[in-house]
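Novice: Just dropping this structure here.
Bear in mind these aren't lab numbers, they're just calculated from the coordinates by the rules spelled out. If you're wondering where the values come from, they're calculated on a predicted model, not measured in any experiment. Here Cβ is always computed from backbone atoms with ideal geometry, including for glycine, and neighbour counts include all displayed protein chains.
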């Protein structure tokens, strides 16, 4: 029956169609299942890092110096602003009307007028506009257009969209309005009247409501601007507008222009295959017809011109700050991985001119493939020339070699060897050739003093200079050679950057030749104007346009990185008035301990952090690529999961913080945690636990508790910033006290640093006659920027060692008398402070009076440099203080080197005299002095500590035995007590009844340089008067004297008059502070 | 007024005096098995629409509402009954009027239709939006059956009337613009011509010439709008999976997701409501133009083939029914309905699997959409009813075997 004549064949045909469908279904569902299942999995798989919180840094009491805190940033999504905010709607509607870009500033100025012009137009007017007829609104006249084509239609569509938005109608109301429009007479009514009708309001009432809405929207923006405290240039939008409002609108306009620029770049790249920034803007505009682009983005020709120039500027900036450095880093990494350096460099440089991957997938593929540069075809742009323009074939070969990597001689020269043919050297890429060898030399010469770098004028000169660099570097490697001459280059990176610039210049010159030459050959260069791109290229851009516009304008841009709480509340509370603005939560490293001036307490000690560097991120590209490829697998093995966890732990996030200095740098490994990783296989909105396929818990960084005490630190900081010179002091260097430079250290005898303050904390302008140190705000407790001998505070250490090891006895008397040849008291080349000398003097009195002649003679007891250095080593003056022990020391540096001149020769008698008095031959930091005096006070040399505990684990104290007899130490301690009681520090506020405890100490000052006459004039010192030298002055001590628990060191930098007294005053000021008083009252542990 | 009385009026008017008793209805000859297959497909639609609506509700999306689908089905169900009760002679007599009415609707939609996405295809009604092009397809079947009833297409002049009958609705639908729907009229018309006696070689030649012209129009970009060209280009460039994946963010978005869903389903599917299409809601028109992609994803290759076989069975049963009919007009109508179902299913599935360029076409009996459901149920009812309700016919075909 069915096999009838007619139905039979038809059924067979339909059966065949059914078989075809089933076969295709088999192909898609069975054969391609893996592909589609992976795509599907990735569609709903949301993988993200869960950033750890960096550990906090607190003081010994637990008060936080710095921690990761929750913060917010303001994000701006231009698409939402354009579609939903009246300002964006009006600006874009006006742009659609006038067919050129209307700025947000202009729209803000005329918001209400323009908005009402739009909503008071009629649907029929829009229809006529769409049909190409003239349009006349209240303040706007648009002439008729002969051939409106699709452009008017799309503009009319945009206008309807924005009018809809401006009318503030619900979806249902808008549908009702459209329904109403089907009645012919309704099309004669204005949009406003129609809206009022569907909302059952009077037109007047609706108008008033809209007026209030437009006013509110501007008012809210003004309020936001005020809250953000955006300070702008003079002038405002109107007399009632604040300056900050104008700045905010300008910022929004910049974002808008950025979005439009990015869309245009995207479409240009899609159609031509290369970035528009590759071409000089004049060449770009004169060679390529970009009217299609302007029409698509809604620009007029001046705006197109702006775009070409801005795009070039941005591209060049990115080229220099990102692309070239990234290429150089990659080349370096590849050469470290075994690729010949020159091979790696040429490969990476040529990659800068190769086609850019279009997608992340392609990028990974390119990275993993590590394509050989020799196999690369024509560089980008050149590979497009044959069919770039409609009906014109440009000859890329006529332009010659566009980048050096195309040169067959270079290809042959580098083939399998790093040896470069000598014949290549005089060529313009000689520099590049030579650079290849630089990578292999593996030398660090960055520490050398450098001169400003000037690029070579031409290739030959470049070759000579690079060869010079090579010679210098070979010489510094220790091989035989001529005397070294330092090259002029700032550093290797700059030279390589210059090489990349050479490549770019050559590429652009050849591209210009190719574009202009070919057009000229056709006789079309003069007056012919730009040429149209090939139709298929325009089609590519057309297909891309909607996506590009949506994609680029939907990307959130940060408008403000740290808005205050008021701003956050404002944006959340009035969300509907701030379409396009949103709040993004984030974490921020916050310094919580601030002094009265808002400065972070112990800023230099706590240190700084930075984000991941380009080199770090590029160095991890391999890991990122591996992670991405594993994450794209639909099914993963247990080994894959282990690898994911390992990779997540290794890979830095772009905004991850790395400690660079201070404790942040020193304890970076402890403060860092391990990122978590979460991957959901379902939609995020569901957030059901069972839908999470991979979850790796984050591990927050450990908290670091310092030995510092916030109050003591603040007190020390306050004293070193604002030292007080007693009114009754006759020796006055008031200029120094107004501009103090120095440091105060307070520590326990066990080595815990309780306070380490440096002044100034903020850089100041150069301070005239001083040595300019006030220009630098940095830590002076662990560092010494200038010559920094200890002077007389060194004497107790000299004495203790001599008593124990060199046969000095407390009773030994040394002469301190006037030297006939010098007409002053002293010994050898060292003068003593006493005009007529101290006569025969023993240890106790020598310490009390700080007799230089005595200690010059003790210096003689040492006899040689070796013994002297043995003593310096015993008290730790030749090595770090211990704060970096157990750490890798990254980010925390101490100046602890013995000056190099002491190492280069033996000691003369003069050196011994000076060394005995702490002059010239030895320098120290305040913390080194604190450790040494702690050793004197306790009999054991502690390792100084800044870190009290990591997490819950206390950092144990450690000591080195001094190996000095208690008697020797006690003898020196007695002397130091006498210094405060009756000696050089007496009578200046350090007495027990003034401090509340007994202090033992030693004053000291060290000559640094002669006083100039101008300096003396500044200090009101008559010519020939005393003092004649500029000095650093010190005070060191321990307390309570009978049973020492704490040590204090004061260092005052470059002081003139009253040197030895000033440090005593500063010490007294500090020790009398309530914080120190409270400390002393603390029971001993 | 009782339901019986309510029904009597219109039925009497439609089918003539005595229609209230529906005396011509031969219930025992009714193709219940065909009807059952059709209703099973409606059931499949209900099941998947329910799951889609549930997914949207779970995800808090303003999307598909099951109640709306049920409402449309309730409105469309009388169409099935009307089709079952239809009297062949009445239909034959009024075929031109029905055709004229459908043309009038197409003209009306061009003048007063609701414009959405730059197309005028719908007329709003309180229950659902009417899509006149759907009704035009059924009217075309009736009028072609009426025209071909006395023509065997042996002479060239006999092609004029059916050609014009096809051209008019096609032109109006193309103007909407809805080239996809217009093109589905072609296989229906050609199939009916074949059933009416046209030579197969001639029809194949027409098809080949049409394909050639289409290819020329595509390559020469003549008479094809930009968006249509773009769709064809996108389809051509993305027949293979990797190309489609690379272009998923552009115009290939719909095609990508329509292929991803069945591809993800594999052999046995992801389970009801567990597919990526439902979970993300990202597949455009998944309740109508891409409903097969959802079915294939959630029920797998097995389920997809089962649905295709059900449709195949439906078409086969309709063809078998038509082959047994002596009345040439009825045979052509039933055969036309079978081809209508076959053509719709083929285009819908082929589009979702990337065998044809993307176009919006519902899956009969399954997809939601008031017009689609109403017309497909009416067509099913007509085919089943007419097969059973044969009236005495002594035309020249009465004793021919087909």
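Novice: Take every Cα pair under 8 Å in segment A:561-715 that's 6+ residues apart, average their separations, divide by the length, and report that relative contact order as a whole percent.
Specialist: The normalised contact order for segment A:561-715 reaches 21 percent.
Novice: Need one value for B:256-262: mean number of C-beta atoms belonging to other chains within 10 Å of its residues' C-beta atoms.
Specialist: Average neighbour count from other chains, rounded to a whole number: 4.
Novice: Additional query: What percent do you get for the relative contact order of segment A:85-246 when only Cα pairs under 8 Å and 6+ apart count?
Specialist: Relative contact order, segment A:85-246: 23 percent.
Novice: Normalised by the number of residues in segment B:299-350, what is the relative contact order in percent for Cα pairs under 8 Å and 6+ residues apart?
Specialist: Relative contact order of segment B:299-350: 36 percent.
Novice: Per residue of B:278-286, how many C-beta atoms from partner chains lie within 10 Å of its own C-beta, taken as a mean?
Specialist: Neighbouring Cβ atoms belonging to other protein chains average 2 per residue here.
Novice: Right, here's the next one. Would you mind giving the mean number of other chain beta-carbons within 10 Å of the Cβ of each residue in A:531-540, as a whole number?
Specialist: If you average over the peptide's residues, the count of other-chain Cβ atoms is 1.
Novice: Could you list A:724, A:163, A:1055 in order of exposure, starting from the residue whose Cβ has the fewest other Cβ atoms within 10 Å?
Specialist: A:724, A:163, A:1055
Novice: Take the alpha carbon atoms of segment A:603-665, find their center, do the same for segment B:273-287, and report the distance between the two centers in whole angstrom.
Specialist: 36
Novice: Please report the Cα spread of chain B along all three principal axes, rounded to whole Å, starting with the longest.
Specialist: 62, 54, 43
Novice: Order these by the 10 Å Cβ neighbour count, fewest first: A:816, A:217.
Specialist: Going from least to most buried by this count: A:217, A:816.
Novice: Please determine, in degrees from 0 to 90 and to the nearest 10, the orientation of helix B:88-112 with respect to the longest principal axis defined by the Cα atoms of chain B, where the helix direction is its Cα long axis.
Specialist: Relative to chain B, helix B:88-112 is tipped by roughly 40 degrees.
Novice: Here is a follow-up. What is the helix-to-structure angle for B:160-175, meaning the angle in degrees between its Cα long axis and the longest Cα principal axis of chain B, kept from 0 to 90 and rounded to the nearest 10?
Specialist: 30
Novice: Which distance in Å, rounded to a whole number, links the C-alpha centroids of segment A:964-990 and segment B:166-240?
Specialist: If we compute the Cα centre of each part, the gap is 110 Å.
Novice: Ok, one more. Sort out for me the Cα centre separation of segment A:81-112 from segment A:779-842, rounded to whole Å.
Specialist: What the calculation gives is 82 Å, centre to centre.
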